[in-house]
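As structure tokens, the structure follows; a few thoughts come after it.
The values are calculated or read from the model by the stated rules, or taken from the named source; none is laboratory data. Just so you know, these numbers come straight off a predicted model, no measurement behind them. Backbone-built Cβ (ideal geometry, glycine too); neighbour counts: all protein chains shown.
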Amino acid sequence: MITDRLANPELAEFEVGGVTRASFILRGALAAGAVYGTAAVAPFVSSALGATTDIDILNFALTLEYLETDFYQVKGKTVGLTGLAKHDVTNFGAEEAAHVAALTSAIKAGGGTPVAKPTFSFPVSTASQFLDLAYVVENLGVSAYNGAGPSLKSKALLTAAGSIVQIEARHAAAIGLLIGKSPIPSGAFDQAKTKAEVLKVAGPLIK
Amino acid sequence: MSTSLEEEELTPQPRGIVEQLVRDDVGRKKFLKAVGTTGAAGFGAFVLAACGSSSKKKTTTTPASPAATPSVPASFGKGDIGILNYALTLEYLEDQFYAKVIAAKLFTGAVGSLVAQFGQAEAEHVAAIHATILKLGGTPAAKPTGKFPITNAAEVARLAYAVENLGASAYLGQAASISSPAVLAAALSIHTVEARHAATLATLVPGGHVTPDGAFAKPADAAAVLAAVKPYIA
């Protein structure tokens, strides 16, 4: 993944497109990666430096949090989870629900209209399939917040988003351990994804 | 309690090693006390304040607004370079800590492999931050000499868990003060990796929690973080 990205200079260019300063730093960072022989800094990019309002970003985050909450709290009850998996999914579902509540009130307080809760469709029926998808969804959440973070104009909202994304990362790591997958799938640097990249994965789960 | 490493296919670790990890909350509580000065307030109020400031209303509660005063001690430098030097100092300590843990061969099997990967990640953080400071025209902070009590697996796991939680809260505490979007993107990308490390280590520590702060991770300011790491600098 990271090595793929490093091996693809076009992608690196694309991700820093139009941001001179970012490009400058990224090149330095990539040079460092080369020197140290590692994929040290491929994701040192801000892939979502678009003209998006904070409310837009919060609503996008809200959609993902609705997805996670529904997945854990509704679908999670139908796949026969037991033991630690059941315990984690219960806790994580409650935490995602708290994210939904916080984002909803933040959007309202900022004068925006929270998006309606979508209807979801999760193509899983067993505990194993469920946890595999949980791993994908949590890692997706991390990359979505990390991608959108630099575009937030409000510094307070940035910290709020940071305090949420840290939880998504913790969930992702714990689920990874449950299913024998890496808790750090991107190595030393988590990836950032654009809204379009996130929707490519999340979109099929939304009816 | 959460995911237990020893129950997973990923970790053919003898149960004994994990079971040896005796519970002792003192160290963790000390850390949490040191870093817990921020963010305990209700998140709802926090977010409301955030939105108030984003819509240019005056708010009285602005816990995460960029302060007029620097977010890190002046000795680290100004602006983003100061923040990067602060991060570099913490990463140097983490890197040295893991190097010593790995050299002590306290963990074997899958846990040992994860610890080695975490150490590698911290080394990469050091290299990347160091290079970024140079590229920005700054002078990288001197490498501190860490001193860590590398005694037994239980103690080390607990310290690693505390250190990673502290690291995650330290990055979160600086996010709002970073000016450059690229530096911010880099910090965010490291921030969640520290969180992943902490969540993984939580499974090794009796009483450890994947999400010790609940649904919203707390930031820590530089003063609290530096006070917490001071005992580990020679």
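State yes or no: is B:Ala217 over 19 Å from B:Ala99 (Cβ atoms), in contact with a Ser or Thr (Cβ under 8 Å, 6 or more places away or on another chain) and in contact (Cβ under 8 Å) with a residue 12 or more places away in the chain? In short, yes. What residue, among those in region B:63-79 that are at pLDDT 95 or above and among the hydrophobic types (A, V, I, L, M, F, W, C), is surrounded by the fewest Cβ atoms within 10 Å (Cβ to Cβ)? Here the residue is B:Ala74. Just give me the residues in region A:160-198 being out of contact with any Ser or Thr (no Cβ under 9 Å at 6 or more places or on another chain), modelled with pLDDT of 95 or more and more than 23 Å from B:Glu124 (Cα to Cα), in sequence order. Passing the criteria: A:Ala161, A:Ser163, A:Ile164.
Only helices (runs of 4 or more DSSP H) whose full extent lies in region B:125-234 are considered here, and the ones with at least 1 residues that are at pLDDT 95 or above, over 23 Å from B:Gly112 (Cα atoms) and within 9 Å of another protein chain (Cβ to nearest Cβ) are B:153-174, B:181-202.
Can you confirm whether region A:71-83 contains a residue that is touching a residue at least 60 places away in the same chain (Cβ under 8 Å), surrounded by 14 or more Cβ atoms within 10 Å (Cβ to Cβ), over 23 Å from A:Thr53 (Cα atoms) and within 11 Å of chain B (Cβ to nearest Cβ)? Within region A:71-83, not a single residue is touching a residue at least 60 places away in the same chain (Cβ under 8 Å), surrounded by 14 or more Cβ atoms within 10 Å (Cβ to Cβ), over 23 Å from A:Thr53 (Cα atoms) and within 11 Å of chain B (Cβ to nearest Cβ).
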